[in-house]
1. Counting only residues that are within 16 Å of the chain's Cα centre (by Cα) and among the aromatic types (F, W, Y), which one in segment 160-188 is surrounded by the fewest Cβ atoms within 10 Å (Cβ to Cβ)?
2. With a cut-off of at least 3 residues that are over 26 Å from M24 (Cα atoms), name the strands (runs of 3 or more DSSP E) lying wholly within segment 152-247.
3. Going through segment 190-231 one residue at a time, which ones are closer than 30 Å to V268 by Cα and free of Cβ contacts under 8 Å to residues at least 40 places away in the same chain?
4. Do you know which residues across segment 15-42 are of a type in the set (D, E) and closer than 19 Å to A281 by Cα?
5. Would you confirm, using the coordinates I've provided, whether K191 is under 30 Å from D243 (Cβ atoms) and open to solvent by 20 Å² or more (accessible area, probe 1.4 Å)?
6. So which residues in segment 163-219 are of a type in the set (K, R) and either over 16 Å from V37 (Cβ atoms) or touching a strand residue (DSSP E or B) at 6+ places or on another chain (Cβ under 9 Å) (or both)?
7. Give the number of residues within segment 99-130 that are without any contact (Cβ under 8 Å) to a residue 60 or more places away in the chain, of a type outside the set (V, I, T) and under 17 Å from G40 (Cβ atoms).
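The values are calculated or read from the model by the stated rules, or taken from the named source; none is laboratory data. Source: prediction; values computed, not measured. Ideal geometry is used to build each Cβ from the backbone, glycine not excepted, and the neighbour counts take in all protein chains shown. The protein model used for the area step is the full one, side chains on, heavy atoms only, and it has no ligands, DNA or RNA in it. Shrake-Rupley method; radii C 1.70, N 1.55, O 1.52, S 1.80 Å.
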Amino acid sequence: MRKGLVLEGGAMRGLWTAGVTDVMMEHNVQPDGLIGVSAGAAFGCNYKSRQVGRAIRYNTSFAKDSRYSGWWSLVKSGDYFNAEFGYHIVPYKYDIFDTKTFEENPLEFTIVCTDVETGRAVYHLMDHVDYDELEWLRASASMPLASKVVEVDGWKLLDGGVSDSIPLEYYEQQGYDRNVVILTQPLGYQKEHNRLMPLMRLALRKYPHFLKALDERHLMYNKQLEYVAAAEKEGRCLVIRPDEKIPIGHLSHDPQQMRLVYELGRKVGEKYIEQIKTFYACE
């Protein structure tokens, strides 16, 4: 049996997920693998480095810091979240990322990105930390319009959620047959067509296959929700989701709001922790 942890994205809703996963780490829950999409990857890497509280700590610390994120960063660099400061300075200078623990932890950590030239998902196993590996992490969380295309290892990449928002099916294909899936939308949620498609078509006109994936993302996402529901019914996965809409938008500069969302996630983590342990223990 291979135990997997599947983390969807959701931008700042990912702080809710971080609350859940921090509780799991505090209880020494160690799956065999973790696959993260967008914020699920950017914050989920702390599970492999075993750094409880790091995601909420650096987000609140730099919430109002123009070096970290903001419209000035978007205008100046093309990235709302400053690429160099957020991914290559903070982890080494201000909130140290535990590279040693990350590389020694046997947990397999997979990042989902989208190839803008094909519109298809790219799955990258991150087992060490260097500049390019952190660029893969950044690419997964690089939202269209809010980020430039990330070029790394010959790929041109953006947000993994465009091509595979909830990669349970992929993970099962990789042999993970006992999966905890953490979603960031409540039961009954259905994604609607992206209202920003006119802007997307203008900004990303060089990438027609990526635009097609964006245009059809709601269909893909809702189909994946059906797949997750069927797997949950059959007992193949345990789904953890918020009881109601998480009270935060894609972008936030309010530390108090961030902490509220994180604490809501922790409460759900505490509620489910024994169930998670039992689920993973079942043969």
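1. Y170
2. Fully inside segment 152-247 and qualifying: 155-159.
3. Passing the criteria: Q190, K191, E192, H193, N194, H218, L219, N222, K223, E226, A229, A230.
4. E26, D32 - these are the residues of segment 15-42 that are of a type in the set (D, E) and closer than 19 Å to A281 by Cα.
5. yes
6. So in segment 163-219, the residues of a type in the set (K, R) come out as 178, 191, 195, 201, 205-206, 212, 217.
The answer is R178, R195, R201, R205, K206, K212.
7. Selection size over segment 99-130: 5.
For every residue, the table says whether it meets (1) closer than 15 Å to I240 by Cα; (2) of a type in the set (S, T, Y).
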position: K3; (1), (2): no, no
position: G9; (1), (2): yes, no
position: G14; (1), (2): yes, no
position: M25; (1), (2): no, no
position: F43; (1), (2): no, no
position: Y47; (1), (2): no, yes
position: Q51; (1), (2): no, no
position: R57; (1), (2): no, no
